[in-house]
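J.: Below you'll find the structure I mean.
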């Protein structure tokens, strides 16, 4: 496969067909002093303002509590990190905003309110608003004087967002739009001052977006929704009854609303992945601490192999997701810098850079949310009976995690989007899948070179296994595309199998690259635990890819074609045996020694 000479050359989705140099990625160990200070500010805020009041927040007895916490966060600048300095924010880069999403992601319902305000509530105006709209709204959103929400979902339009029935009818003089309709699952709905509302003007095919102020009138709400988790997050149904909106409050152009929704959701997806990392690290800290304190059979349960297995798997999956998330975040920052240097406007470059890596955004939403679900489930298990008690932290962590596989597009939708976007880019000539896929087909016909000289350089075997996993994905994707042609989009099970293979490829590659770069900084001995985690994750990725690949092949191939593809899959999913038990024990021992997640 072709090696990428420099990080600016890498485009979204190209990880499947190109190799990346470890020196060209960003790793979390490279945060600068200012970024670490921002992260500390976020942690201190959670420790002082949020954690002591979690039960009070979840009860929602005081409707002013969450808005007051948002006000305090605004005073610290946590609501305006991404907002340009000219509008009262800090104008931080994308990866810094991701770091804030990660750290605050451990804040349960508060994290949801914060992310909805700073993300889907503020970013549509920041990216798509005209200068007048930005000047009017962004300064107040950056300080928290005004709180924001996002009104897209309707009772009959969830994943199919463009099918919404909310209408916006122009007045005779053309100076206003009258909005009528119903929105549901609106985060921050109970206290929002600003609503980003999506509606269809007259008989338009596509949605249009509007900035709607609560004081415009014609807005009513149901009571707060009773939810499985994130109970302290305000979630309302919002009704627009002849809501009169000035024409100048249309956001961007008519019928551009669906595009706005898609692009803002791309940002929301990767930031949700970052938030899931923060929540996962918090759960691991609790689990390690409890495992050390809890005594059974005369010893701490942290000494038991079964517990060490859980702790090590939790940490390993988080490490891989962490690596992938900030790798993608830096890719977005690099793409933005290149676009601005090429003459593109700031706002357009911010949009285009995220759009360029929409595939990775979808991947990280799925991976992050599912890593978190695994971590909280194992966290409950480490706590045993106490894990099921509302007096212990796992109860809230377990319930609050579940929404993340639904937020920002369900994981099923995001899996299918991942493959759809890759194939679309290939058809447009933006992503060269044909040459690599044909090379894989040719390799399948060749006799394997069993006498090849063994490469003993660092991660040589892991990188060979990674290259083979990419080949397995290309082999099956190519065959499926040939078999189904335009109907591949209807083969949802096959698409999800392929997505699972690609997700693991991206996470595994990111973990390898991060560890390789870190070894260059700290030395191999200092990175022994990270090397163990790469080994553990490699076997997990190969196992998932093998199973997903088999299911896909069984779904559409038969006879000689099926036998050849299964042989190819077997060939491409071979991995050197490793004593995973000992590797996991070493990872767990490191966590237990430090009493927290330390990577």
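The values are calculated or read from the model by the stated rules, or taken from the named source; none is laboratory data. From a predicted model like this one, the values you see are computed outputs, not experimental measurements. Methodologically, a virtual Cβ is constructed for each residue, glycine included, from the backbone with ideal geometry; neighbour enumeration extends over all protein chains shown.
J.: Considering only region 454-464, I want to know if a residue exists there that is surrounded by fewer than 20 Cβ atoms within 10 Å (Cβ to Cβ), within 15 Å of residue 569 (Cβ to Cβ) and touching a helix residue (DSSP H, G or I) at 6+ places or on another chain (Cβ under 7 Å).
T.: Checked against the condition, which is being surrounded by fewer than 20 Cβ atoms within 10 Å (Cβ to Cβ), within 15 Å of residue 569 (Cβ to Cβ) and touching a helix residue (DSSP H, G or I) at 6+ places or on another chain (Cβ under 7 Å), region 454-464 yields no hits at all.
J.: Answer yes or no: is there a residue in region 227-238 that is more than 30 Å from residue 53 (Cα to Cα) and either in contact with a helix residue (DSSP H, G or I) (Cβ under 7 Å, 6 or more places away or on another chain) or surrounded by fewer than 20 Cβ atoms within 10 Å (Cβ to Cβ) (or both).
T.: No, the conditions are met nowhere in region 227-238.
J.: Which members of region 289-344 meet the condition of being more than 25 Å from the chain's Cα centre (by Cα) and touching a residue at least 60 places away in the same chain (Cβ under 8 Å)?
T.: Scanning region 289-344 gives 289, 290, 291, 292, 294, 301, 302, 305, 307, 308, 309.
J.: Tell me yes or no: at least one residue of region 246-256 is within 15 Å of residue 200 (Cβ to Cβ) and assigned to a strand (DSSP E or B).
T.: Yes, region 246-256 contains a residue that is within 15 Å of residue 200 (Cβ to Cβ) and assigned to a strand (DSSP E or B).
Residues checked against (1) more than 19 Å from residue 529 (Cβ to Cβ); (2) surrounded by fewer than 24 Cβ atoms within 10 Å (Cβ to Cβ); (3) out of contact with any strand residue (DSSP E or B) (no Cβ under 6 Å at 6 or more places or on another chain):
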site	(1), (2), (3)
275	yes, no, yes
279	yes, no, yes
303	no, yes, yes
315	no, no, yes
320	no, no, yes
329	yes, no, yes
340	yes, yes, yes
347	yes, yes, yes
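J.: Looking at residue 106, is it within 22 Å of residue 228 (Cβ to Cβ), modelled with pLDDT of 95 or more, part of a helix (DSSP H, G or I) and in contact with a strand residue (DSSP E or B) (Cβ under 8 Å, 6 or more places away or on another chain)?
T.: no
J.: Could you please give the count of residues in region 54-66 that are within 22 Å of residue 118 (Cα to Cα) and touching a helix residue (DSSP H, G or I) at 6+ places or on another chain (Cβ under 9 Å)?
T.: 6
J.: Okay, moving on. Would you be able to say whether some residue in region 75-96 is touching a residue at least 12 places away in the same chain (Cβ under 8 Å) and touching a strand residue (DSSP E or B) at 6+ places or on another chain (Cβ under 7 Å)?
T.: There is no residue in region 75-96 that is touching a residue at least 12 places away in the same chain (Cβ under 8 Å) and touching a strand residue (DSSP E or B) at 6+ places or on another chain (Cβ under 7 Å).
J.: Which fully enclosed helices (runs of 4 or more DSSP H) of region 415-528 have 3 or more residues being at pLDDT 95 or above and under 19 Å from residue 328 (Cβ atoms)?
T.: Once the helices (runs of 4 or more DSSP H) in region 415-528 are filtered for at least 3 residues that are at pLDDT 95 or above and under 19 Å from residue 328 (Cβ atoms), what remains is 460-484, 492-522.
J.: Picking from 203, 215, which residue would you name as being surrounded by fewer than 23 Cβ atoms within 10 Å (Cβ to Cβ), out of contact with any strand residue (DSSP E or B) (no Cβ under 8 Å at 6 or more places or on another chain), outside any strand (DSSP E or B) and modelled with pLDDT under 95?
T.: Only one candidate qualifies: 203.
J.: Working only within region 153-177, note down all residues that are without any contact (Cβ under 8 Å) to a residue 40 or more places away in the chain, more than 18 Å from residue 120 (Cβ to Cβ) and not in a loop (DSSP other than H, G, I, E, B).
T.: Residues satisfying the conditions are 163, 167, 169.
J.: OK, next. When residues of region 13-36 are filtered for being over 23 Å from residue 319 (Cβ atoms) and in contact with a helix residue (DSSP H, G or I) (Cβ under 6 Å, 6 or more places away or on another chain), how many remain?
T.: The number of residues fulfilling the criteria is 2.
J.: Within the group 47, 56, which residue is over 25 Å from residue 273 (Cβ atoms) and out of contact with any strand residue (DSSP E or B) (no Cβ under 7 Å at 6 or more places or on another chain)?
T.: That would be 56, the only listed residue that is over 25 Å from residue 273 (Cβ atoms) and out of contact with any strand residue (DSSP E or B) (no Cβ under 7 Å at 6 or more places or on another chain).
J.: Restricting to region 542-599, what's the tally of residues that are part of a helix (DSSP H, G or I) and closer than 15 Å to residue 531 by Cα?
T.: Of the residues in that region, 12 qualify.
J.: Across region 163-175, which residue is farthest from the chain's Cα centre (by Cα) among those that are surrounded by 15 or more Cβ atoms within 10 Å (Cβ to Cβ) and within 27 Å of residue 406 (Cβ to Cβ)?
T.: 167
J.: Same structure again: Among the residues of region 188-198, what is the count of those that are part of a strand (DSSP E or B) and either out of contact with any strand residue (DSSP E or B) (no Cβ under 6 Å at 6 or more places or on another chain) or surrounded by fewer than 20 Cβ atoms within 10 Å (Cβ to Cβ) (or both)?
T.: 0
J.: Follow-up question, since we're still on this one. Check region 332-355 and report whether any residue there is farther than 30 Å from residue 92 by Cβ and assigned to a helix (DSSP H, G or I).
T.: Taking every residue of region 332-355 in turn, none turns out to be farther than 30 Å from residue 92 by Cβ and assigned to a helix (DSSP H, G or I).
J.: Might you check whether a residue that is under 19 Å from the mean Cα position of the chain (by Cα), outside any helix (DSSP H, G or I) and within 19 Å of residue 273 (Cα to Cα) occurs anywhere in region 369-382?
T.: No, because not a single residue in region 369-382 is under 19 Å from the mean Cα position of the chain (by Cα), outside any helix (DSSP H, G or I) and within 19 Å of residue 273 (Cα to Cα).
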